[in-house]
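Enquirer: Starting off with a structure, shown below.
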Amino acid sequence: MPVTLLRGENLRLYPQFRIEPNPSLNLIIGANAAGKTSLLEALFTGARGRSFRAASLAEVCGARGQGWHVFMETMEADDHHRIGLGWSREGVRLHLDEDRHARVEDVVRAVPMQLIDPLAHRLLDEGPTYRRSFVDWGVFHVEHRFLDCWRRYQRSLRQRNRALREKAPARAVRAWDEELSHSGEELNRMRQSHLEASSEGLKNWCQRLLDTEAVRCEWQRGWPADDSLHQTLERNLEQHQRLGTTVQGPHRAEMRITLAQSRAKGRVSRGQQKLLIAAMVLAQSEVLAASSATWPILLLDDFASELAADFQQRLAWALQQYPGQKFITAFEVPSAFRSGSPMEVFHVEHGIVSASPHLH
Ligand SMILES: Nc1ncnc2c1ncn2[C@@H]1O[C@H](COP(=O)(O)OP(=O)(O)O)[C@@H](O)[C@H]1O
Ligand SMILES: [Mg+2]
């Protein structure tokens with residue numbers, strides 16, 4: 001669902017800006033500290049209700065006022081949305097179309113958006129939380145039951161853990177096992193079927209980006225393979241009581257990623273990691289498009305970082321194949337994009353954005 005208009009006010013270094021993006025490819029070009037990432041942040045924050053680089057919405061506020069806001073219009077065929085997100089000391093206001101008190105989840109659902117930035121390697125290098133959220137973001141978009149199921153799981157897990165922490169009698173702990181294992185099994189089924197749905201696509205993208213189909217995302221569901229979650233909870237009750245927490249379940253799931261037999265964590269170069277993550281995002285986006293008929297918007301910050309010329313060429317080619325809308329930042333127009341599909345180039349300088357006609 002492409003963004004056709006983006007406006008912002010008092011966002012970081014921008015007093016205000018207004019751009020009309022291309023439905024396919026947008027390049028955001030500028031020097032260091034010109035405001036490239038801030039534009040991506042405006043898009044991301046508008047679509048996801050949170051920033052990808054600030055812990056709080058307050059940090060996004062510029063120097064010229066007490067608050068900030070971002071406004072977006074999206075359009076695809078007959079589907080049209082208007083989204084407004086405003087922050088001030090009084091609170092946050094989120095509008096979606098006629099709804100003046102929209103929920104973040106409705107906006108996230110309406111405008112699927114995914115980001116690859118220079119910290120994206122954390123998806124491979126750091127703890128399992130990153131991999132679980134990556135998978136869950138996809139499941140959220142393809143399975144309408146996901147959010148409800150995830151919330152039921154989190155609620156019963158919290159309650160069970162509280163009973164464990166407070167050393168409540170075993171029956172008070174067990175009281176949560178039914179709900180926990182029911183929602184947990186369902187959560188796991190949704191995650192696994194989402195991964196299966198994207199595995200062919202992932203191999204294809206890896207072949208084209210990294211010359212190998214040998215990519216594996218092995219899902220470890222968070223409890224032993226032969227047992228139901230209910231049996232696992234029962235069997236390990238004593239251990240959980242001793243530790244004061246539930247140590248098995250989908251909240252402990254992990255995805256082990258290997259590329260050509262090498263563990264993606266630590267054994268694969270940064271440039272390869274970047275292309276592998278691009279392949280994961282592209283494959284997942286295809287699954288979303290197949291189920292919801294809308295292509296997620298991709299944001300790519302610092303296109304060239306970690307990539308020599310041939311890897312840049314490959315990534316540019318892959319992104320040009322991708323039918324959804326793209327926003328890509330770089331210091332200068334990468335030569336890999338100089339020919340090919342129509343695009344819009346936005347030059348940013350000290351918080352001023354100007355559009356220039358596309359180059360060929
Ligand atoms: N909350 C803020 N208010 C005003 N200026 C800010 C704020 N946060 C960051 N900046 C300024 O914005 C600039 C960084 O913008 P950024 O979008 O990260 O640039 P780029 O990605 O082009 O390198 C820096 O000069 C920084 O001082
Ligand atoms: Mg930047």
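The values are calculated or read from the model by the stated rules, or taken from the named source; none is laboratory data. Here the structure is a predicted model, which is why all the values come from computation and not from measurement. Please note: Cβ atoms are built from the backbone with ideal geometry, for glycine as well, and neighbour counts cover all protein chains shown.
Enquirer: Identify all residues within the stretch 199-227 that are of a type outside the set (D, E, K, R), in contact with a helix residue (DSSP H, G or I) (Cβ under 7 Å, 6 or more places away or on another chain) and farther than 19 Å from VAL287 by Cα; write none if there are none.
Expert: Hits for the stretch 199-227 are LEU210, THR212, GLY222, TRP223, PRO224.
Enquirer: With the requirement that a residue be near ligand 1 (Cβ under 9 Å from one of its atoms) and touching a strand residue (DSSP E or B) at 6+ places or on another chain (Cβ under 7 Å), what does the stretch 32-57 give you?
Expert: Result: ALA34, GLY35, LYS36, THR37, SER38, LEU39, LEU40.
Enquirer: Can I ask one more? Among what's in the stretch 27-56 and is small (Gly, Ala, Ser) and part of a helix (DSSP H, G or I), pick the residue that is nearest to ligand 2 (Cβ to nearest atom).
Expert: Only one residue fits best here, namely SER38.
Enquirer: Also, I was wondering about something else. Say we look at the stretch 294-322 and pick out the residues that are over 18 Å from the mean Cα position of the chain (by Cα) and in a loop (DSSP other than H, G, I, E, B); which of these is nearest to ligand 2 (Cβ to nearest atom)? Walk me through how you get there before you give the answer.
Expert: Quick first cut of the stretch 294-322, residues over 18 Å from the mean Cα position of the chain (by Cα) only: 304-318, 320-321.
With in a loop (DSSP other than H, G, I, E, B) added as a condition, the list becomes 304-308.
Working: ALA304: 12, SER305: 10, GLU306: 14, LEU307: 16, ALA308: 20 Å.
Going through the qualifying residues, I end up with SER305.
Enquirer: Answer yes or no: is there a residue in the stretch 338-356 that is within 28 Å of GLU213 (Cβ to Cβ), away from ligand 1 (no atom under 16 Å from the Cβ) and either out of contact with any Cys (no Cβ under 7 Å at 6 or more places or on another chain) or not in a strand (DSSP E or B) (or both).
Expert: Yes, the conditions are met somewhere in the stretch 338-356.
Enquirer: Please find, within the stretch 251-261, the residue that is surrounded by the most Cβ atoms within 10 Å (Cβ to Cβ) out of those that are under 27 Å from ASN188 (Cβ atoms) and more than 19 Å from the chain's Cα centre (by Cα).
Expert: By that ranking, first place goes to LEU259.
Enquirer: If you don't mind, another one. Where in the stretch 119-180 are the helices (runs of 4 or more DSSP H), entirely inside, with at least 1 residues that are touching a Pro at 6+ places or on another chain (Cβ under 8 Å) and either at positive phi or crowded, with 19+ Cβ neighbours inside 10 Å (or both)?
Expert: Filter on the stretch 119-180 gives 128-142, 146-165.
Enquirer: Might you let me know whether the stretch 64-76 holds any residue that is more than 13 Å from ligand 1 (Cβ to nearest atom) and on the phi > 0 side of the Ramachandran plot?
Expert: No: zero hits.
Enquirer: Right, here's the next one. Got a sec? Which of GLU9, GLU59, GLU73 is in a helix (DSSP H, G or I) and among the charged types (D, E, K, R)?
Expert: Testing whether each residue is in a helix (DSSP H, G or I) and among the charged types (D, E, K, R) leaves just GLU59.
Enquirer: Scan the stretch 307-318 and give yes if some residue there is within 18 Å of LEU6 (Cβ to Cβ) and in contact with a helix residue (DSSP H, G or I) (Cβ under 7 Å, 6 or more places away or on another chain), otherwise no.
Expert: The answer is no; no qualifying residue exists.
Enquirer: Mind listing just one residue for me: the one in the stretch 66-97 that is among the polar types (S, T, N, Q) and either buried (at least 18 other Cβ atoms within 10 Å of the Cβ) or at pLDDT below 95 (or both) and, of those, farthest from the chain's Cα centre (by Cα)?
Expert: Only one residue tops the list, namely GLN66.
Enquirer: Which of the residues belonging to the stretch 1-18 are more than 9 Å from ligand 1 (Cβ to nearest atom), surrounded by 20 or more Cβ atoms within 10 Å (Cβ to Cβ) and more than 23 Å from the chain's Cα centre (by Cα)?
Expert: The answer is PHE17, and nothing else.
Enquirer: Moving on. State which residue is nearest to ligand 1 (Cβ to nearest atom) when the search covers only the stretch 268-293 and only residues that are of a type in the set (Ser, Thr, Tyr) and in a helix (DSSP H, G or I).
Expert: Step by step, filter the stretch 268-293, then rank; the result is SER285.
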